[in-house]
Amino acid sequence: MKQILNIGIKDFKGSVHDLKIRKLFNGLTFFGIFTAIFQVIIFYEQDKLATLFHSIYGVYCFIAIYLHHLGYFKFAKISTVIVVIIFGTLASARIGSEYYPHIASFGIIGGIFVFFDIKKEWGYLLLFTLMHAAAMILVESDVLKNPAIEFENPKILRATIVIGTALFVAIEILTILRLSWLTEKEIISNLKNSNTELKQINEEKTVMLQEIHHRVKNNLQVVISLIKLQSNSVEDKHTIATFEELKMRLISIARMHEMMYLSEKINKIDFKSYVQELSEMVLESTDTTNDVDLKVSTNVDHLSAEGVVPLALILNELITNSIKHAFDGRSDNKISVSFKKNDDNRYVLEYSDNGRWKEKKVKTNGFGLELIELLANQLDGTAKKVSTEDGTKFTFDLII
């Protein structure tokens, strides 16, 4: 029996649901062969045509199994339903409605809802339902009935047909429910497997990215150390200052990679904490002897590395320039950094201090301002500077 159920599914790679459907088709079709043989035995002496019709659909059930074996499952199931409805109806019509032979056809109708997808194959379901309705009308009309057919115990025959059909339909309903359960179980299992695979891939990606950030940070630290060693052998103050500015730019990038490495949200950084730490780090690295009141406000929780690096370099240049060219020994130094995200997914960076920038010195050593403009352009943004008696303010409209 197991070999019969596995006909046509040796190399099948579909879902569990489709596999069960194919096995069920083999089982029911094989059952149809025995049903036809049983009916041939019963009606052989009663009606030759009924015997012939039962024989035809019985033989075709065997052919359908062979077609399935050859790989023509869809054709096998469609043609089997058509042949069984047509010749089963003709056999029932010969027997007559008095003995309820057509009641058994409800088992066929139940079967088509097992073998055919309601959404994808509704046309076949409609066709078979209409054929079944026509078959019921034909049998009830008794136009093909053989009046010579008589049974000694017609009540027993009718009861047998009704009970057998009811049991068969019940089995089909249970089969539909089981197939639905198996399909749901398969979907859940596939989702679990997919989630496990995605989780594993994500963990591997996280470890890889963390390792990349860690290595980049370490490599930058090596470069920073080399710059520091090189600057120790230089006596020119201007060159030393240039080395120091370069070192601070690299430190700001290295710190970003370090925070990325330590962050729970890989490739995302806590922007406010980073800006606060970066600003304090720049202030500590300068030669200023006066305290600076630093305020940072933002509605952005996390930012990607692509956006953080240009912003970090911009802030590094602005804070450095404020200390060097704006405060000039003042005691009430203030710096304010505001970074907001607008409704149109654009970002606005506002930087202001309460000092007065010495334009001549800034223009003489103008690499920092040029770098700021280049970084703003990199973020598809614009930079605007406004100087007043209360201080200097930079506004950047950016796309990150």
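The values are calculated or read from the model by the stated rules, or taken from the named source; none is laboratory data. Everything numeric here is computed off the predicted structure, so don't read it as measured data. Here Cβ is always computed from backbone atoms with ideal geometry, including for glycine, and neighbour counts include all displayed protein chains.
Can you tell me which residues in segment 128-170 are out of contact with any Lys or Arg (no Cβ under 6 Å at 6 or more places or on another chain), not hydrophobic (A, V, I, L, M, F, W, C) and not in a helix (DSSP H, G or I)?
ASP142, LYS145, PRO147, GLU150, GLU152, ASN153 - these are the residues of segment 128-170 that are out of contact with any Lys or Arg (no Cβ under 6 Å at 6 or more places or on another chain), not hydrophobic (A, V, I, L, M, F, W, C) and not in a helix (DSSP H, G or I).
Within the group LEU182, LEU246, LEU250, which residue is part of a helix (DSSP H, G or I), over 30 Å from LEU371 (Cα atoms) and not basic (Lys, Arg)? It would help to see each step written out before you state the result.
On the way: LEU246 fails: over 30 Å from LEU371 (Cα atoms); LEU250 fails: over 30 Å from LEU371 (Cα atoms).
Exactly one of LEU182, LEU246, LEU250 is part of a helix (DSSP H, G or I), over 30 Å from LEU371 (Cα atoms) and not basic (Lys, Arg), namely LEU182.
For segment 1-25, enumerate the residues that are of a type in the set (Phe, Trp, Tyr) and part of a helix (DSSP H, G or I).
Result: PHE25, single match.
Can you report the number of residues in segment 380-400 which are in contact with a helix residue (DSSP H, G or I) (Cβ under 6 Å, 6 or more places away or on another chain) and either acidic (Asp, Glu) or at pLDDT below 85 (or both)?
Number of matching residues: 1.
Looking at LYS272, LYS295, can you tell me which residue is modelled with pLDDT of 80 or more and in contact with a Ser or Thr (Cβ under 8 Å, 6 or more places away or on another chain)?
Unique residue meeting the criteria: LYS295.
Write out, first by first residue and then by second, each pair whose Cβ atoms fall under 6 Å of each other, whose residues are 6+ apart or on separate chains, and whose first residue, in segment 124-149, is within 25 Å of GLU45 (Cβ to Cβ) while the second is in a loop (DSSP other than H, G, I, E, B).
ASP142/GLY96; LYS145/GLY96; ASN146/ASP47; ILE149/GLN46; ILE149/ASP47
Counting only residues that are under 18 Å from GLU140 (Cα atoms) and under 49 Å from the mean Cα position of the chain (by Cα), give me the helices (runs of 4 or more DSSP H) lying completely in segment 26-122 with at least 2 of them.
73-95, 105-115
Count, please, the residues in segment 120-160 that happen to be of a type outside the set (Asp, Glu) and closer than 17 Å to ILE85 by Cβ.
Within segment 120-160, the first condition is being of a type outside the set (Asp, Glu), and the residues that meet it are 120, 122-139, 141, 143-149, 151, 153-160.
Narrowing further to those that are closer than 17 Å to ILE85 by Cβ: 123-139, 141, 144.
Matching residues across segment 120-160 total 19.
Quick one: is LYS145 assigned by TED's automatic domain parsing to the domain that holds LEU24, surrounded by 12 or more Cβ atoms within 10 Å (Cβ to Cβ) and basic (Lys, Arg)?
yes
Filter segment 31-50 down to residues that are within 21 Å of LEU5 (Cα to Cα) and in contact with a helix residue (DSSP H, G or I) (Cβ under 8 Å, 6 or more places away or on another chain), then give me how many there are.
Number of matching residues: 5.
Of all residues in segment 113-129, which are aliphatic (A, V, I, L, M), surrounded by 13 or more Cβ atoms within 10 Å (Cβ to Cβ) and more than 18 Å from GLU172 (Cα to Cα)?
Of everything in segment 113-129, just one residue is aliphatic (A, V, I, L, M), surrounded by 13 or more Cβ atoms within 10 Å (Cβ to Cβ) and more than 18 Å from GLU172 (Cα to Cα), namely LEU127.
Pick from segment 308-355 the residues that are at pLDDT below 85 and among the basic types (Lys, Arg): which of them is nearest to the chain's Cα centre (by Cα)?
In this case the residue turns out to be LYS324.
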